[in-house]
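The structure appears below as structure tokens.
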């Protein structure tokens, strides 16, 4: 019996799930305009473990969404995950944020998860219908020419769909407005597979995947 705690804080959604053998038992999350990760994350972790009637000593690993995404959100999630792994002496697992977001879409076509950056810039990747990555994550500035080479149905998910619609107007482009943020719920199977394959991170040296350098603005 393998219990894994999953933490997703790469966007405005502060999300925690507890999974057993790759299946989510409980998931708590909240998405607010103001990031509340620092206040909510540890509360969710304690509540989930208590409500699931599981002891921290029974947890075999902690998985964290590694990015890209919010600099502050990623720092909070990774710091919490590393602290738990160090205290409990259990392995750390990192999960691609884009894959977590893509897994929310069960469709017959290409899936493009996008996380809002600034202006017309987004973090994006491309996955097939089985959620296998076919194009690596990148920071791109969207224009009328974006994704024009794809003639199959392309599904767009993420928190920047409204601005994407203004330039991505091809007939085979479909937006899924119900899928906005990645969730720890979709991390359960991914983290269990990595656990079985012993794909662990170095707790001391692991850093989030920011994709772009952090810039302080007024």
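Among the residues of segment 196-208, are any out of contact with any strand residue (DSSP E or B) (no Cβ under 6 Å at 6 or more places or on another chain), surrounded by fewer than 16 Cβ atoms within 10 Å (Cβ to Cβ) and in a helix (DSSP H, G or I)? Yes - at least one qualifying residue is present in segment 196-208.
Matching residues to (1) closer than 19 Å to residue 10 by Cβ; (2) touching a helix residue (DSSP H, G or I) at 6+ places or on another chain (Cβ under 7 Å); (3) assigned by TED's automatic domain parsing to the domain that holds residue 69:
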site	(1), (2), (3)
86	no, no, yes
89	no, no, yes
120	no, yes, no
125	yes, yes, no
133	yes, yes, no
144	no, no, no
150	no, no, no
161	yes, no, no
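The rows are residues; the columns are (1) buried (at least 20 other Cβ atoms within 10 Å of the Cβ); (2) at pLDDT 95 or above; (3) in a loop (DSSP other than H, G, I, E, B).
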site: 41; (1), (2), (3): yes, yes, no
site: 46; (1), (2), (3): no, yes, no
site: 78; (1), (2), (3): yes, yes, no
site: 108; (1), (2), (3): no, yes, yes
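Pairing each residue of segment 139-152 that is more than 14 Å from residue 112 (Cα to Cα) with any residue that is surrounded by 10 or more Cβ atoms within 10 Å (Cβ to Cβ), provided the two are 6+ apart or on different chains, yields C-beta distances under 6 Å for 141/120; 141/121; 143/167; 144/167.
Among the criteria (1) over 23 Å from residue 94 (Cβ atoms); (2) over 20 Å from the mean Cα position of the chain (by Cα), the one residue 205 does not fulfil is (1). Scan segment 53-68 for residues that are more than 27 Å from residue 155 (Cβ to Cβ) and either touching a strand residue (DSSP E or B) at 6+ places or on another chain (Cβ under 8 Å) or surrounded by 22 or more Cβ atoms within 10 Å (Cβ to Cβ) (or both) and the total you get is 6. Looking across 136, 96, one residue alone is within 18 Å of the chain's Cα centre (by Cα) and surrounded by 15 or more Cβ atoms within 10 Å (Cβ to Cβ). It is 96. All conditions in (1) at pLDDT below 95; (2) surrounded by 15 or more Cβ atoms within 10 Å (Cβ to Cβ); (3) touching a strand residue (DSSP E or B) at 6+ places or on another chain (Cβ under 9 Å) hold for residue 71, with the sole exception of (3). Quick check on my filter: what residues within segment 19-39 are over 24 Å from residue 178 (Cβ atoms), out of contact with any strand residue (DSSP E or B) (no Cβ under 6 Å at 6 or more places or on another chain) and not in a loop (DSSP other than H, G, I, E, B)? Residues satisfying the conditions are 38, 39.
Does residue 168 satisfy being assigned by TED's automatic domain parsing to the domain that holds residue 31 and either in contact with a helix residue (DSSP H, G or I) (Cβ under 9 Å, 6 or more places away or on another chain) or assigned to a loop (DSSP other than H, G, I, E, B) (or both)? Considered against the rule, which asks whether it is assigned by TED's automatic domain parsing to the domain that holds residue 31 and either in contact with a helix residue (DSSP H, G or I) (Cβ under 9 Å, 6 or more places away or on another chain) or assigned to a loop (DSSP other than H, G, I, E, B) (or both), residue 168 comes out as no.
The values are calculated or read from the model by the stated rules, or taken from the named source; none is laboratory data. Being a predicted model, the structure only gives us computed values, none of them experimental. Note: ideal-geometry Cβ built from the backbone for every residue, glycine included; neighbour counts use all protein chains shown.
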